[in-house]
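Below is one structure, written out as structure tokens; comments come after it.
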Amino acid sequence: MWRGTLWVAGFAVLSLSLSASAGVDINLGFGSLPSAQGWTYSGSHPEASTMQLSGGVLSYNTMGWGQQDAFAYYSVNSPSWASSFVLNITMKTTDMEEWWRPYPFAAAVGIGNDNYWMGLSIAPSYVAVDLTAHTPATVLLNNVDNHSAFHDYELQGTFGVDWKLSRDGGFVASGVWTPITAGNGFWFGDISNGSNAAVSISRFSLQSPVPEPAGLSLLGALGAFACFKRRRSI
């Protein structure tokens, strides 16, 4: 499990505001790094040397880093910011180290609000989910090929009600949420604080209504999200 350490201290951050009337409609572009598009990058190595852009694909490689993270996070500072959402990511995981726990979140994507959180681990041969941030992940798909070709993952959900995951248009799993205090926003990258991965992403989008005007609060958004990291124990 993740170690009980803060992972936001000392990292550079960017912020922006979201309008309630416009809702959240985020499509990550592949002509510039995430931090140039309003995302926050946190990592032990600079974003420019960790995340590479080429031919409409964003790649990151943390292989050999050990207990160091690298992820991009998009903050939305509004209580229970979304009632429902659709998150799409197209990615492949060409390599992964799993040297200190099974089902690490080194090739991961996730979403959360004040009351609920979900992380997906998209490894070379399996897909796992964690809904509590302090228990072992549950494998949803096993013995699949996520490393030689891109696959489309779509996560639909209504916070506090239910969620559904599909892969290349086919149903994978569905379930209900488990209450947990977390931060408002969504993210992708290596948050394992141990195992590492080599990942390529060709699409990331998030659509969701926002129930009230949302401004960015650095301490509120990143501080709350950091709290759940401290809940992890080895």
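Taking the condition of being touching a residue at least 12 places away in the same chain (Cβ under 8 Å) and farther than 22 Å from Glu97 by Cα, how many residues in the stretch 42-56 meet it?
Qualifying residue count for the region: 3.
Considering only the stretch 172-194, how many residues are β-branched (Val, Ile, Thr), assigned to a loop (DSSP other than H, G, I, E, B) and touching a residue at least 24 places away in the same chain (Cβ under 8 Å)?
Residues flagged as β-branched (Val, Ile, Thr), assigned to a loop (DSSP other than H, G, I, E, B) and touching a residue at least 24 places away in the same chain (Cβ under 8 Å) within the stretch 172-194 amount to 4.
Residues to consider are Val13, Val109; find the one that is under 20 Å from Phe186 (Cβ atoms) and either in contact with a Phe, Trp or Tyr (Cβ under 7 Å, 6 or more places away or on another chain) or modelled with pLDDT of 75 or more (or both).
Of Val13, Val109, the one residue that is under 20 Å from Phe186 (Cβ atoms) and either in contact with a Phe, Trp or Tyr (Cβ under 7 Å, 6 or more places away or on another chain) or modelled with pLDDT of 75 or more (or both) is Val109.
The values are calculated or read from the model by the stated rules, or taken from the named source; none is laboratory data. None of these values were measured; they are calculated from a predicted model. Glycine also receives a Cβ, built like all others from the backbone with ideal geometry; neighbour counts cover every protein chain displayed.
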